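J.: Quick one: structure below, then a few questions.
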Amino acid sequence: MSATTGAGADLVLLPDDVEEDLRASLDRALAARCTPARVAAAYDGDESLAGELWTALVDLGLPALLVPEEHGGAGAGAREAAAVLDVLARHAAPVPYLSSAVVAATTLTALGAGGLLGDLAAGGTAALLVPATLHRADDVVPLVRHDDGTVSGSVRSVTGVAGGVPAGVLLVPVAGPDGADGADGADGAALVAVRPGDPGVDVAPVVSLDMTAPLADVRLDRAPATELPGDARAAVSAGLAAGAALGASALAGTATWALTTTVAYLQQRRQFGRVVGGYQALKHRLADLYAEVEQATATARYAAAALAADDPDLAVATAVAQSWCSEVAVHATEEAVQLHGGLGMTWEHPCHLHLKRARAGALVLGSPAAHRDDLATLVDLPPPHPDQGGSPSWT
Amino acid sequence: MSATTGAGADLVLLPDDVEEDLRASLDRALAARCTPARVAAAYDGDESLAGELWTALVDLGLPALLVPEEHGGAGAGAREAAAVLDVLARHAAPVPYLSSAVVAATTLTALGAGGLLGDLAAGGTAALLVPATLHRADDVVPLVRHDDGTVSGSVRSVTGVAGGVPAGVLLVPVAGPDGADGADGADGAALVAVRPGDPGVDVAPVVSLDMTAPLADVRLDRAPATELPGDARAAVSAGLAAGAALGASALAGTATWALTTTVAYLQQRRQFGRVVGGYQALKHRLADLYAEVEQATATARYAAAALAADDPDLAVATAVAQSWCSEVAVHATEEAVQLHGGLGMTWEHPCHLHLKRARAGALVLGSPAAHRDDLATLVDLPPPHPDQGGSPSWT
Amino acid sequence: MTTAGPAAGHRADLEARVDALLAAHDPATTERQAFLDARYDAGLAWVHVPEGHGGLGLPRALQPVVDDRLGAAGAPDNDPRRNGIGLGMAAPTILAFGTPAQQERLLRPLWTGREIWCQLFSEPGAGSDLAAVATRAIPDGDRWRVTGQKVWTSSAHLADRALLLARTDPDAPKHRGLTYFALDMRQPGVEVRPLRQLTGEAEFNEVFLTDAVVDDADRLGDVGAGWQVANATLMSERVAIGSGAAREAGMLGVVADAWRTAPSGHRTADAHQRLLRLWVESEALRTTGMRLAQKLAAGAPGPEGSAMKLGFARLAQQLSSLEVELRGDDGLRYDDWTLRRPDQVDMTGRDTGYRYLRAKGNSIEGGTSEVLRNIIAERVLGLPSEHRVDKDVAWKDLPR
Amino acid sequence: MTTAGPAAGHRADLEARVDALLAAHDPATTERQAFLDARYDAGLAWVHVPEGHGGLGLPRALQPVVDDRLGAAGAPDNDPRRNGIGLGMAAPTILAFGTPAQQERLLRPLWTGREIWCQLFSEPGAGSDLAAVATRAIPDGDRWRVTGQKVWTSSAHLADRALLLARTDPDAPKHRGLTYFALDMRQPGVEVRPLRQLTGEAEFNEVFLTDAVVDDADRLGDVGAGWQVANATLMSERVAIGSGAAREAGMLGVVADAWRTAPSGHRTADAHQRLLRLWVESEALRTTGMRLAQKLAAGAPGPEGSAMKLGFARLAQQLSSLEVELRGDDGLRYDDWTLRRPDQVDMTGRDTGYRYLRAKGNSIEGGTSEVLRNIIAERVLGLPSEHRVDKDVAWKDLPR
């Protein structure tokens, strides 16, 4: 019988040899350096691990994966970048790969901003100056561009600009000069590049729920800026879309870590003379969790494959992967804490590092609810009309 | 330490001796007659059980519970009527107690309609002519009253008018004569009484998901009608409110039946050499279900007590009890089917009778979602404003 | 599950064989059974089966090459839905455990549809715990006499033959005293009664066996090896579940359309949120099925497939319950309670209430969700097995 | 839990005693500890305790009569939150199992707050399976020498005394080789280290015992009877949970207010639906607590209370998670990761993220939700107990 095929039926959801090799070498590099104690140190102010890890990533050529070859990058695909995010998540690695090597790199690629892309390929970092939870270019609140080309305004809760590997360049959405129309489009919407070290740039780190992806509040006061030519809105859209599509793999990686770590613990831990993993109530919960996590992996790979193939199903795939993987990552890490008992509540055990990554990561680049809202539009399931109640009719 | 008290803190949620006696005698009366096979017979067209049971209820004086003493009733409280509904539910008894002895009786009491109340106290039945799922008087769609006092119009899916004990009187909401203002109020809204046997009255029974509370589509074509003086809208409101408040007890009774029957079965049934109820995964599910069912009982009793005491918390209590008990009844009966294995899927086993009562009963007098919508208004948790998304700001 | 990767050589060979079959037996003029017999003889019935039994020993993935060509040529097929148990369960079992003589005798009428099969496994006292079957088969010369009661038998009233699991040694521990037979259903000792379900219809049957006769020549596998044979049969059953369906296929499509067409009063924010979540979950399951199919393209199905069945059951139940609520007052209605005996389940051809009720069976039939969770926990996650008290006790001494 | 039903006679007598106490010891001029001692001597400390130990042997429900009067008169109280374990767990245990001499010696400083108590029960290898404690107490003349490691000890750094469960007979089965002591915490063999939690703070401690000394006179109950005594202590712990709070108390109130004040962009339909469901569930739990309190007004708490703790933990976790989402970008922030040692948990005094993380402990501390489900299934529903392999084996021979 011939299979009834669905959307995106041609997308391959299994890793090829290149991806397997990449996963293995990254895993080795992280296992040696990224210990739970060093990750936890960021919560007490020591963010030195991030720089060491980033150097290791640069040595492996990973920040260059999505940079086109003509700009010194690897010109590799979204599937490989998704694999990197997955493996980084399993080690709770505190590096700005998603914000810089995915969102910023994709934004700059859309603009064809060769110089900055070359910096990224060589190990530099950049960040889009929007709140960490933003996922639609339509929702961007632009900063003000003055007549002299400097930029002012503030954005709260930006990711990738603080921490051990802060952004070397800020990509700042601006409106036309002092609100007037600009040169690049009828409405003057543009992206400009701002250097964090320049005068008028204030980056104030924030105490974050997930210190492996720390936030900062950024205030610009007539900061020098260089305009990046091109369709700014389309570029930001592309950057955010890539971030959401691939961010799902990070969430799936967190969920996978939680499941496998919990299963391994329960295979050893004894209570009441029996291996705890043999208690049927826990077995059934873990079986259900296994199903959820497998599904998370499938949706994340599907989204990455859709991005890699520029498949028309990308938007639906992303909404599905983000909403599903976000909730599964939270659920899986919560179960990990619960099923490790008191141990999972301690600072020493890595459970909490992943719980915080999941809880915060679920909101980054759009909450599950926001992505389901997108889906409602994409697949023609419109929300109820506000007038649904009907007017009182017994009159 | 003195207890911090909440809303309705004075309400007593335990049965007194009178209620215990009432429960015991009704339980005995039903156990003798209301066998699963006879209940199931209604699905094959034999609705004779209903009449026998109704006679037993009349013998016990139960249809008269909410009828004031001056009209020949027992003048008992809502708590006792709730107990009756609870016990009837545990036997899946196919009698129109909720529609006639609660909704219609309360409506007529609010109107002070002595004659009809006397009929009810003596064992007669009545039904409000609205769709079974309606729970707000505001949503009533009135029928048309002609100049000659006759009434025309149709209402689908009315409960209490078909089956083994059909309503003796239909209480019909009407607008003013041919839409004009009427005598009783500025807008002519009124209730009129129509006899099912009269010319121009067509009651068409419907194949119902729950044949223990069968529906009918009713069409009136210039049917003779008697106006019932009084504030019709307030009376219908009172009737529906009493129905929703006490209907929760029927749902809690269904849930309780499902839990206790399932636990009893699993204490006997063996698989793999062990009593099935000893498998921990099932134990934990049943423990969670126990908690849900206990909470359902508490909310149902609280709503009944609030109605009995005319407590200001009645509306909140009803919304809570209806939404919670509806979902718990469905969940509990679904678990009963699942945990009885194949047996629960058979026609012979009573599981399905209760599953159908739960699934349909959850929608009668308002779905859980409708009651939670009410709650949003009652406790100041307004729904999101339709404009929430905000307009695109990067312009 | 996939059409990828068949070697071009096999494909060309198959095309040639199809051409030859069509040339020799013009579908337009050949009688249906004659055509099916010819197809069987040509090895084009099921190409993965060995030569001589309707196949060519080729990869299963090549079957669509044949089916598509014959379908396009207007050839009759063997109406596979009529004999799902025969094709899906009996055939693999006969191929794996049957003697050459049994294969010769049983496979052709099975594939051509001359003999419809059913399965006599479950009993009132042996549901999830299938090894507890109590139906006795007692030797009587070169035949066996079978007595007992079976339940949940679909197609029993139509069937010519049955896969039968019966106890031949009550003194052995329960898993070791069972034997597997191919029973002739057309005999006086077999009584079939419809088993009515909560939907009102009788999709299944109870089968009462009273001194029913089965020749020892119809025994599949060794005496006492019935448990191993039955497990192979059940594995075949689960292969079919969870292949990649289209987006919004089945129940999701019905409910999504119900939303799109519902009157505004039924479209609550609650229902909308639930629908979106179920849409996402359906898609998560669809992509998981795609991934599993890609993994299994070459290999055999593993226990991971259990999670697919678990998910489909859960979804079908939640979707159908949501649909009841979406229908408003109509959710309180039912289409027909009449006792009927349908040939097969049709989830989308009937009404909301039927779907709601019938979906309850999805988590029971073909392995309960509880048993599937045990399988995942033990075989996929490697967690310890349940404590077993019945492993080494003689079946007759077990508490019941 | 309820103030209903105290006999009027008792009430009048109590009022008179309060008048006498206030007359003899004017709160405005009496030193705090002196007033508390006088109150203890007057039997007004805890009226349900026997005379001679600060009480009058009256129903517990009468205590508010005293507390309200003394509070109104501006009298100092014993700051009960400072000594929760002493008052809630140590006192009932000493009353039930202590000798007259122990009661005489321990109860007054406990109630007046001169001696703060902690509890040394849990160990890294003995969590839910408390009877597995490995801390050894070895007899040494008329004292015991104690060595081992305890965890999850709140207030240990402030405590003067500890309830200690230790193993005195490794050759006995695990439940029968334990003994219960009141340990002096102010000695060299006791080392207290903060145990940092996922919230960043160290609400609990690890306690390392190295040849710590406890007199046999401080043993509570018989040698080997520690398990029974410890269970009585734990029962006292669970009594406190689930009394009737006000509507929208605690976490629900915080989250409901977060909704009411949230910027419109954060108020999604998804969050609204979840909030309404949690509001309903909170109210279901509140009315269940009311019903339970009415049932228990006279009697002792049963295992039904376990369902309350289960429900509160679940709700707190779901509500705090919803709150994180309701805060938008602010949900990604945290107030302070600094290692602190708070005197008590304050769920509403800190920020969203703290509540989310701290609530994870609600389903672990004081009996995990898994253990509570077992209790409900076995003791309320009467389902069979778990299979136990460790019941009759010497503790030292158990696998670890």
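J.: Tell me, which residue of segment D:198-216 that is over 19 Å from the mean Cα position of the chain (by Cα) and within 14 Å of another protein chain (Cβ to nearest Cβ) is nearest to D:ARG143 (Cα to Cα)?
T.: First, the residues of segment D:198-216 that are over 19 Å from the mean Cα position of the chain (by Cα): D:198-201, D:208-216.
This time we only want the ones that are within 14 Å of another protein chain (Cβ to nearest Cβ), so: D:198-201.
Values: D:LEU198: 39, D:THR199: 40, D:GLY200: 39, D:GLU201: 36 Å.
It comes out as D:GLU201.
J.: Six or more apart or on different chains, Cβ atoms under 6 Å: show the pairs whose first residue is in segment B:310-336 and at the interface with another protein chain (Cβ under 9 Å from one of its Cβ atoms) and open to solvent by 10 Å² or more (accessible area, probe 1.4 Å) and whose second is part of a helix (DSSP H, G or I) and hydroxyl-bearing (Ser, Thr, Tyr).
T.: Qualifying pairs under 6 Å: B:TRP324/B:THR299.
J.: Go through (1) in contact with an Asp or Glu (Cβ under 9 Å, 6 or more places away or on another chain); (2) part of a loop (DSSP other than H, G, I, E, B); (3) over 28 Å from D:GLY331 (Cα atoms); (4) modelled with pLDDT of 95 or more and name the single condition A:GLY164 misses.
T.: If we test A:GLY164 against (1) in contact with an Asp or Glu (Cβ under 9 Å, 6 or more places away or on another chain); (2) part of a loop (DSSP other than H, G, I, E, B); (3) over 28 Å from D:GLY331 (Cα atoms); (4) modelled with pLDDT of 95 or more, just (3) comes out false.
J.: For residues that are at the interface with chain B (Cβ under 10 Å from one of its Cβ atoms) and in contact with a Leu (Cβ under 9 Å, 6 or more places away or on another chain), tally how many sit in segment C:333-358. Can you show your working first?
T.: Looking only at segment C:333-358, we keep the residues that are at the interface with chain B (Cβ under 10 Å from one of its Cβ atoms), and these are C:333-339, C:351-354, C:356-358.
Of the ones still in play, those that are also in contact with a Leu (Cβ under 9 Å, 6 or more places away or on another chain) are C:333-334, C:352-353, C:356-358.
Selection size over segment C:333-358: 7.
J.: Checking B:GLU70 against (1) open to solvent by 40 Å² or more (accessible area, probe 1.4 Å); (2) outside any helix (DSSP H, G or I); (3) more than 14 Å from chain D (Cβ to nearest Cβ), which single condition isn't satisfied?
T.: It fails just one condition, (2).
J.: Another question, then. Report yes if C:LEU398 is at the interface with another protein chain (Cβ under 8 Å from one of its Cβ atoms) and open to solvent by 10 Å² or more (accessible area, probe 1.4 Å), otherwise no.
T.: yes
J.: Right, next: Give me the pairs: first residue in segment A:280-293 and more than 7 Å from chain C (Cβ to nearest Cβ), second residue of a type in the set (Asp, Glu), beta-carbon distance under 7 Å, and six or more apart or on different chains, which are they?
T.: Taking only residues 6 or more apart or on different chains, the pairs are A:ALA281/D:GLU370; A:ARG285/A:GLU335; A:LEU289/A:GLU335.
J.: Ok, one more. Please find, among A:VAL140, A:VAL144, A:VAL161, A:VAL155, the residue that is within 14 Å of another protein chain (Cβ to nearest Cβ) and open to solvent by 20 Å² or more (accessible area, probe 1.4 Å).
T.: The unique qualifying residue is A:VAL144.
J.: Just give me the residues in segment B:345-367 being surrounded by fewer than 24 Cβ atoms within 10 Å (Cβ to Cβ) and more than 10 Å from chain C (Cβ to nearest Cβ), in sequence order.
T.: The answer is B:PRO350, and nothing else.
J.: Considering segment A:187-212 alone, what residues qualify as being open to solvent by 20 Å² or more (accessible area, probe 1.4 Å) and more than 14 Å from chain D (Cβ to nearest Cβ)?
T.: Within segment A:187-212, A:ASP187, A:ARG195, A:PRO196, A:GLY197, A:ASP198, A:PRO199, A:GLY200, A:VAL201, A:ASP202, A:VAL203 qualify.
J.: Further question: Filter segment D:369-400 down to residues that are in contact (Cβ under 8 Å) with a residue 24 or more places away in the chain and closer than 17 Å to D:VAL133 by Cβ, then give me how many there are.
T.: 9
J.: Let me ask something else. Which one of these is open to solvent by less than 40 Å² (accessible area, probe 1.4 Å) and either over 20 Å from the mean Cα position of the chain (by Cα) or among the aromatic types (Phe, Trp, Tyr) (or both): C:ALA359, C:ALA377?
T.: Numbers: C:ALA359 fails: either over 20 Å from the mean Cα position of the chain (by Cα) or among the aromatic types (Phe, Trp, Tyr) (or both).
The unique qualifying residue is C:ALA377.
J.: If you check C:ASP330 against the conditions, is it facing chain B (nearest Cβ under 10 Å), open to solvent by less than 10 Å² (accessible area, probe 1.4 Å) and of a type in the set (D, E, K, R)?
T.: No; evaluated as a whole, the condition is false for this residue.
J.: When the residues of segment B:98-137 are filtered to those that are more than 11 Å from the chain's Cα centre (by Cα), in a helix (DSSP H, G or I) and β-branched (Val, Ile, Thr), which remaining residue is nearest to the other protein chains (Cβ to nearest Cβ)?
T.: B:THR107
J.: Find the helices (runs of 4 or more DSSP H) located wholly in segment D:255-364 whose residues include 3 or more that are of a type in the set (Val, Ile, Thr), and list them.
T.: Because the criterion is at least 3 residues that are of a type in the set (Val, Ile, Thr), the helices (runs of 4 or more DSSP H) in segment D:255-364 that meet it are D:269-296.
J.: If you don't mind, another one. Test D:ARG136 against the criterion of being over 23 Å from A:THR346 (Cα atoms) and within 14 Å of another protein chain (Cβ to nearest Cβ), and give yes or no.
T.: Judged against the criteria, D:ARG136 is not a match.
J.: Please find, within segment D:362-374, the residue that is nearest to A:VAL207 (Cα to Cα) out of those that are open to solvent by 30 Å² or more (accessible area, probe 1.4 Å) and more than 9 Å from every other protein chain (Cβ to nearest Cβ).
T.: Ranking the qualifying residues of segment D:362-374, first place goes to D:ASN362.
J.: Next question, about the same structure. Any residue at all in segment A:209-216 that is modelled with pLDDT of 95 or more and on the phi > 0 side of the Ramachandran plot?
T.: no
J.: Right, next: Please pick out the residue among A:LEU65, A:LEU88 that is buried (at least 16 other Cβ atoms within 10 Å of the Cβ), over 15 Å from the mean Cα position of the chain (by Cα) and of a type outside the set (Gly, Ala, Ser).
T.: Only one candidate qualifies: A:LEU65.
J.: Now for a separate question. One residue is enough: does segment D:334-354 have a residue meeting the conditions over 24 Å from A:ALA360 (Cβ atoms) and either buried (at least 19 other Cβ atoms within 10 Å of the Cβ) or hydrophobic (A, V, I, L, M, F, W, C) (or both)?
T.: No, every residue in segment D:334-354 fails to be over 24 Å from A:ALA360 (Cβ atoms) and either buried (at least 19 other Cβ atoms within 10 Å of the Cβ) or hydrophobic (A, V, I, L, M, F, W, C) (or both).
J.: Follow-up. Has segment C:52-59 got any residue that is in a loop (DSSP other than H, G, I, E, B), open to solvent by less than 60 Å² (accessible area, probe 1.4 Å), within 12 Å of C:THR112 (Cβ to Cβ) and of a type in the set (Gly, Ala, Ser)?
T.: Looking for residues that are in a loop (DSSP other than H, G, I, E, B), open to solvent by less than 60 Å² (accessible area, probe 1.4 Å), within 12 Å of C:THR112 (Cβ to Cβ) and of a type in the set (Gly, Ala, Ser), one finds at least one in segment C:52-59, hence yes.
J.: Could you grab the pairs with beta carbons closer than 6 Å, sequence gap of 6+ or different chains, first residue in segment B:254-268 and within 9 Å of chain D (Cβ to nearest Cβ) and touching a residue at least 40 places away in the same chain (Cβ under 8 Å), second one part of a helix (DSSP H, G or I) and open to solvent by 10 Å² or more (accessible area, probe 1.4 Å)?
T.: Going by the 6 Å Cβ cut-off, the qualifying pairs are B:LEU266/B:VAL276.
J.: Another question, if that's okay. Looking at (1) open to solvent by 10 Å² or more (accessible area, probe 1.4 Å); (2) modelled with pLDDT of 95 or more, which one does B:GLY342 not meet, given that it meets all the others?
T.: Failed condition: (2).
J.: Further question: Could you count how many residues in segment D:166-212 are surrounded by fewer than 18 Cβ atoms within 10 Å (Cβ to Cβ) and of a type in the set (Ser, Thr, Tyr)?
T.: Number of matching residues: 1.
J.: Among B:ASP46, B:ASP10, which is part of a loop (DSSP other than H, G, I, E, B), within 16 Å of B:ALA304 (Cα to Cα) and not hydrophobic (A, V, I, L, M, F, W, C)?
T.: Numbers: B:ASP46 fails: within 16 Å of B:ALA304 (Cα to Cα).
After applying the criteria, what remains is B:ASP10.
J.: Mind checking whether some residue in segment B:261-276 is part of a helix (DSSP H, G or I), closer than 20 Å to C:GLN317 by Cα and modelled with pLDDT of 95 or more?
T.: So far as segment B:261-276 goes, yes, one or more of its residues are part of a helix (DSSP H, G or I), closer than 20 Å to C:GLN317 by Cα and modelled with pLDDT of 95 or more.
J.: Among residues belonging to segment C:213-226 that are in contact with a Lys or Arg (Cβ under 7 Å, 6 or more places away or on another chain) and not acidic (Asp, Glu), point out the one that is least open to solvent (accessible area, probe 1.4 Å).
T.: Checked segment C:213-226; the qualifying residue least open to solvent (accessible area, probe 1.4 Å) is C:VAL214.
J.: D:VAL254 is checked against (1) within 14 Å of chain A (Cβ to nearest Cβ); (2) within 19 Å of D:ASP351 (Cβ to Cβ); (3) open to solvent by 20 Å² or more (accessible area, probe 1.4 Å); (4) of a type in the set (A, V, I, L, M, F, W, C) and fails just one. What number does that condition carry?
T.: Among (1) within 14 Å of chain A (Cβ to nearest Cβ); (2) within 19 Å of D:ASP351 (Cβ to Cβ); (3) open to solvent by 20 Å² or more (accessible area, probe 1.4 Å); (4) of a type in the set (A, V, I, L, M, F, W, C), the lone unmet condition for D:VAL254 is (1).
The values are calculated or read from the model by the stated rules, or taken from the named source; none is laboratory data. The shown structure was predicted, so the numbers you read here are calculated from the model rather than taken from an experiment. Using ideal geometry, Cβ is built from the backbone for each residue, glycine included, and neighbour counts are taken over all protein chains shown. Ligands, DNA and RNA are excluded from the accessible area calculation, which covers all protein heavy atoms including side chains. Shrake-Rupley method; radii C 1.70, N 1.55, O 1.52, S 1.80 Å.
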